[in-house]
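J.: What follows is a structure written as structure tokens; I'll ask about it next.
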Amino acid sequence: MIKKILVPLDGSKLAEKALPYAESFALKYQAEVTLLWVLQHPTVVPMDYGGVGVPPVDTMMEKEEARNYLNRLRTEFEQQNIPTRVAVLKSHSVADAIIDLARKEGMDMIVKTTHGRSGLSRWLFGNVAAKVLQQAPCPVFLVRVSGQDRTAADGG
């Protein structure tokens, strides 16, 4: 049975395309939903070694913005009588944080979109959906995001 559903989000309209599916599963199985945002802070190689400099990040502000965003979404789920929690984590690896939380909290399903980075940022950060699909301790429901969805979300 599906009693606990994890929905990783990043604040993008593309990631939100997973929400109707999570809502549908939650209503059908009377499951609790956990909305997760992982603040990613990559390991930076010093400039002396060909690394890229990264400006300092105000983690407290990021956490507050992420929590506010997730709480707005939680309200929408709770209006459908879906018990909903929010979690904001900080990690060097978004995929590892998703997998670890799913394992620790005994999630029965992960619902997320396939969207992600491309080019250099994909190489630096990896493909989150692929890693989660391969290593998650529970079934993963991936919502494919088409090129049209990407263009519309970017305002183009």
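The values are calculated or read from the model by the stated rules, or taken from the named source; none is laboratory data. Just so you know, these numbers come straight off a predicted model, no measurement behind them. Please note: Cβ atoms are built from the backbone with ideal geometry, for glycine as well, and neighbour counts cover all protein chains shown. We work out accessible area using only protein heavy atoms, side chains counted, and drop any ligands, DNA or RNA first. Shrake-Rupley method; radii C 1.70, N 1.55, O 1.52, S 1.80 Å.
J.: How many residues does region 1-45 hold that are farther than 19 Å from Asn71 by Cβ, of a type in the set (A, V, I, L, M, F, W, C) and open to solvent by 20 Å² or more (accessible area, probe 1.4 Å)?
T.: 6
J.: May I pose another question? Would you confirm, using the coordinates I've provided, whether Glu76 is surrounded by 12 or more Cβ atoms within 10 Å (Cβ to Cβ), more than 13 Å from the chain's Cα centre (by Cα), of a type in the set (Asp, Glu) and modelled with pLDDT under 90?
T.: Judged against the criteria, Glu76 is not a match.
J.: Restrict the check to region 100-118 and report whether at least one residue is exposed (fewer than 13 other Cβ atoms within 10 Å of the Cβ), under 17 Å from Lys4 (Cα atoms) and modelled with pLDDT of 95 or more.
T.: yes
J.: Any residue at all in region 90-108 that's among the hydroxyl-bearing types (Ser, Thr, Tyr) and more than 17 Å from His41 (Cβ to Cβ)?
T.: No.
J.: Find all pairs meeting these conditions: Cβ atoms under 6 angstrom apart; at least six residues apart or on different chains; first residue within region 59-80 and more than 25 Å from Lys4 (Cβ to Cβ); second residue of a type in the set (A, V, I, L, M).
T.: Within 6 Å, the pairs are Glu62/Leu39.
J.: Hey, any hits in region 135-153 for a residue that's in a helix (DSSP H, G or I), at pLDDT 70 or above, within 19 Å of Ala15 (Cα to Cα) and of a type in the set (Phe, Trp, Tyr)?
T.: Scanning region 135-153, I find no residue that is in a helix (DSSP H, G or I), at pLDDT 70 or above, within 19 Å of Ala15 (Cα to Cα) and of a type in the set (Phe, Trp, Tyr), so the answer is no.
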